[in-house]
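Below is one structure, written out as structure tokens; comments come after it.
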Amino acid sequence: MAKLYEGKPLPFKESLIGISDKTMALHHDILYMGYVKKKNEIADALEGFEKGEKDLAGANQTYSELRALKDGETFATNGVYLHEYYFNVLGSDGKASGALLDALIEKFGSLENFAAYFKACGMAARGWAVLAWDTHEAALKVYTGDAHNQGGVWGAIPVITLDVYEHAYFIDYGSDRKAYIEDYMKNLNWVAANVVFEAARLVKR
Ligand code: FE
């Protein structure tokens, strides 16, 4: 058995503005925990390949068991991590603060400029919009992804992560993603985001 990855509890107990408890329960308990389960299943299946017990010669880019597992591995693992980043910066009052606020003003000219750009990126993406510390550029960047394993940039550390899949908002907002993103910003935990940013910006390549 591969080492078990344990799902994390929601880091906040309070109800959010706009985003219902029902949505959060489904999102965390069913969808997120489902990715954790699959991540563990895939890790178990890959262990045989890692330890030389399964045939590596059949590896093939069109179809092979190893290919299917490797594709599932990045989908499930990013599904777990991206949701953890998302939950980690929710559950507070949305009041921008700290070194992260200073850095955003420096880069974007104002907090309003950043918020407008970030929200638009959330409208432009099919899965994720992520404010990240790009360790190669040593700069804050907003990257987007259309699936858990598409569009991400290696070497970028997520600081503020926005889930724009329909499951994140459809129960509460119908197709009004814009209203969901507005409320997401109101629930942001800038203290938690600053903890990540302060550590991330020390990493420079
Ligand atoms: Fe999600």
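The values are calculated or read from the model by the stated rules, or taken from the named source; none is laboratory data. Since this is a predicted model, take the numbers as computed values, not measurements. Cβ atoms come from the backbone with ideal geometry, glycine included; neighbour counts cover every protein chain shown. Surface areas here come from the heavy atoms of the whole protein model, side chains and all, with no ligands, DNA or RNA. Shrake-Rupley method; radii C 1.70, N 1.55, O 1.52, S 1.80 Å.
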Legend entry - Residue-normalised accessible area of region 21-88, expressed per residue, 1.4 Å probe, Å²: 58 Å²
Legend entry - Part-to-part distance (alpha-carbon centres) for region 171-204 and region 124-142, which is given in Å: 12 Å
Legend entry - Per DSSP, loop trypsin sites (Lys or Arg not before Pro) in region 71-127 with at most 14 further Cβ within 10 Å: Lys95, Arg126
Legend entry - Calculated over region 21-88: convex hull of Cα atoms, volume per residue (Å³): 83 Å³
Legend entry - Semi-axes of the equivalent ellipsoid for the chain, Cα gyration tensor, largest first, Å: 32, 21, 16
Inset, instruction - Give the ranking of Phe108, Phe87 by solvent-accessible surface, highest area first, calculated with a 1.4 Å probe. - result: Phe108, Phe87
